[in-house]
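K.L.:
This is the structure I have questions about; it appears just below.
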Amino acid sequence: MKTRIVIPARLKSSRFPNKLIKIINGKTLIEHVCLRAKKLKYDSLTVATDSLKIKDIIEGIGVNVWYCQKKYSSGTERIAGLSSDLKFKKNDIIINIQGDEYNFPLNAVNKVINDLKISKKRIVSTIIYMTQDKKIINNKDSVKVVTDKNNNALYFSRSPIPYNSDHEYSIHLGIYGYKAGLLETYSSFIKSEFEKSESLEQLRFLYNNVPVHCMKIKNHNSISINSVNDLKLVKAGI
């Protein structure tokens, strides 16, 4: 069982094109994410991209790149292609760190790795945190989730769920973990209308009866950069 860190990095994001090569404190966003990922314990670290610009940037900091021009509808689809091409073993743990997850929490990644090491089931493992901040809750770029009594996701949405709650909301962070064997069957999964309307790749797992286990963390400084305003907030905080 090996731990594979993979950072999917599509240049032409529909919501914020070219965001991964925007400069923050002298480095591109994707460089910041990669350099932070280097602090983790892993057997391989790879950026999966369709961009020659990103390829050149990442090779310049000594990180492996899997370059493929094929169009994928999500980071998980891209990683499934990489896993097949690089012939990862079925039991290998793959950690998907979103390329726009600036200053992502290292302890959260370690929680996902440990969760997958002890799990005997075919699951996806991911991270959530709680908030009552209305700006976050009402922001469509902040993905909300409701869970069952075992902390498995029932649904993810860009809308505030549950409706009109006076309690804290669960917010999803852009970190996923799964075994390579699960991704072998990913291409055969049905893509639901929910996934299309929400534009949330994790809904494909739920629709195809794959549990998504959500682990809570308390404090973090991660910012998922989905807009020009997010970028400004990061720069203002430096």
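K.L.:
Percent antiparallel among DSSP beta bridges with both residues in the chain, to the nearest 5?
P.N.:
55
K.L.:
Expressed in nm to one decimal, what extension gain is obtained for the pair Ser165 and Lys216 from 0.36 nm per residue of sequence separation less their Cα-Cα distance?
P.N.:
Net length gain for the segment: 16.5 nm.
K.L.:
Summing Lys, Arg as +1 and Asp, Glu as -1, what charge do residues with Cβ under 12 Å from the Cβ of Asp85 carry, Asp85 excluded?
P.N.:
+3
K.L.:
Still on this model: Using a basic spin-label model with each label point 7 Å from the Cα along Cα→Cβ, how many nm lie between Lys87 and Arg158?
P.N.:
4.1
K.L.:
Calculate, for the chain, the solvent-accessible area per residue in square angstrom, rolling a 1.4 angstrom probe over the heavy atoms of the protein chains.
P.N.:
51
K.L.:
I would also like to ask the following. Please work out the Cα center distance from the stretch 22-81 to the stretch 92-126, rounded to the nearest Å.
P.N.:
Between the Cα centres of the stretch 22-81 and the stretch 92-126 lies a distance of 17 Å.
K.L.:
Under a plain spin-label model, where a point goes 7 Å from the Cα along Cα-to-Cβ, how far apart in nm are Ser188 and Ser13?
P.N.:
Between Ser188 and Ser13, the simple spin-label model gives 3.4 nm.
K.L.:
Over the chain, what percent of the accessible surface lies on carbon and sulfur atoms, probe 1.4 Å?
P.N.:
Of all accessible area on the chain, carbon and sulfur atoms account for 47 percent.
K.L.:
While we're on this one: Using label points projected 7 Å from each Cα along Cα→Cβ, tell me how many nm separate Val228 and Lys2, to one decimal.
P.N.:
Label at Val228, label at Lys2, 4.3 nm between them.
K.L.:
Ranked highest first by the average count of other Cβ atoms within 10 Å around their residues, in what order do 158-170, 45-57, 113-125, 7-19 fall?
P.N.:
Working: 158-170: 12.6, 45-57: 20.1, 113-125: 15.4, 7-19: 17.4.
Ranking the peptides 158-170, 45-57, 113-125, 7-19 by packing returns 45-57, 7-19, 113-125, 158-170.
K.L.:
Could you pull the Cα extents of the stretch 38-193 along its three principal axes, largest to smallest, in whole Å?
P.N.:
47, 35, 34 Å, listed from the longest principal axis down.
K.L.:
For Ser197 and Lys39, compute 0.36 nm times the residue count separating them, minus their Cα-Cα distance, and round to one decimal in nm.
P.N.:
Gain on stretching Ser197 to Lys39: 53.3 nm.
K.L.:
May I ask you to derive the FRET efficiency for Ala236 and Asp133 from their Cβ-Cβ distance with R0 = 22 Å, giving the value to the nearest 0.05? Don't skip to the answer; put the middle values down first.
P.N.:
Working: r = 17 Å, r/R0 = 0.78.
E(calc), rounded to 0.05, equals 0.80.
The values are calculated or read from the model by the stated rules, or taken from the named source; none is laboratory data. Every value quoted in this text rests on a predicted model; they were computed, and no experiment measured them. Reconstructed Cβ throughout: ideal geometry from the backbone, glycine too, with neighbour counts over all protein chains shown. Just the protein is used for accessible areas: all its heavy atoms, side chains included, with ligands, DNA and RNA removed. Shrake-Rupley method; radii C 1.70, N 1.55, O 1.52, S 1.80 Å.
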